[in-house]
Amino acid sequence: SAMVKIYFQEKNFTKAIAAAGSGLKYNKENVDIYYHLGKIYLIMDKERRAGRMFNEVLKYDRTHLASRMELANMHIKEKNFTKARFQLKKILETDLENDEARYRLGEIYYAEDDLEDAALEFENLKNIEGRENLYYRVLSEYYLKIKNLDRLENILEKMLEKQELFHDLKIWIQYNLANIYEMKERYEEALELYKSVKDKNARYKDVEERVK
């Protein structure tokens, strides 16, 4: 097992596979060896073999979350969302605070047009760093759909604080935030945002008249 790790870290996969074979002769239930073999086969683009190795891990250790995550990612890549969802839910049964599993589960729900379940998973994320784009998109779409204006306003304002936004996304945020301000009769704030997008919508002049 130790030599498999060393060869794996050195990226000497031929020797790692040979060492794994020797190691499994002495202990066929060595989950660490199976896991590293799975990682090696993934790198070598031998995904079926990799999948078999990760399943071998789970045969001997049902709580091996790293193997479940590898299998889930492989199933997502294949668009086999049913199998991916199974593995991700198993991870969350053991580790409720596993943000990677929760985020990937939210991604699947969103891909399946299940906006409510996607939003539920994303609302329970502890850390959104590196995941902000989809996080804000899903939550803003969901709260716009159910007309929860207070939560939507909070999300859109946070989105607008981001330094780097695609132009079309920024216009979308400004327009919807202005709509919310208008509905709440905060006309001056609405007008300020409508000024930024006045070429994109016809509501600007209506709000301008109200402010006057």
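The values are calculated or read from the model by the stated rules, or taken from the named source; none is laboratory data. Please read these numbers as outputs of a predicted model, since none were measured by experiment. Glycine also receives a Cβ, built like all others from the backbone with ideal geometry; neighbour counts cover every protein chain displayed. Accessible surface is based on the protein model in full, side chains and every heavy atom, while ligands, DNA and RNA are left aside. Shrake-Rupley method; radii C 1.70, N 1.55, O 1.52, S 1.80 Å.
Values for this structure:
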quantity	calculated
Of the criteria (1) farther than 29 Å from Asp45 by Cα; (2) out of contact with any helix residue (DSSP H, G or I) (no Cβ under 6 Å at 6 or more places or on another chain); (3) in a helix (DSSP H, G or I); (4) not hydroxyl-bearing (Ser, Thr, Tyr), which one Asp113 fails	(3)
From the options Tyr143, Tyr103, residue that is touching a helix residue (DSSP H, G or I) at 6+ places or on another chain (Cβ under 6 Å) and among the aromatic types (Phe, Trp, Tyr)	Tyr143
Candidate set from region 176-204 (those that are open to solvent by 30 Å² or more (accessible area, probe 1.4 Å), part of a helix (DSSP H, G or I) and of a type outside the set (A, V, I, L, M, F, W, C)); member that is modelled with the lowest pLDDT	Arg203
Close pairs from region 14-30: first under 12 Å from Ala2 (Cα atoms), partner in a loop (DSSP other than H, G, I, E, B), Cβ under 7 Å, at least 6 apart	Gly23/Ser1; Gly23/Asn30; Asn30/Ser1
Subset of region 124-147 [open to solvent by less than 60 Å² (accessible area, probe 1.4 Å) and over 10 Å from the mean Cα position of the chain (by Cα)]	Tyr136, Val138, Leu139, Ser140, Tyr142, Tyr143
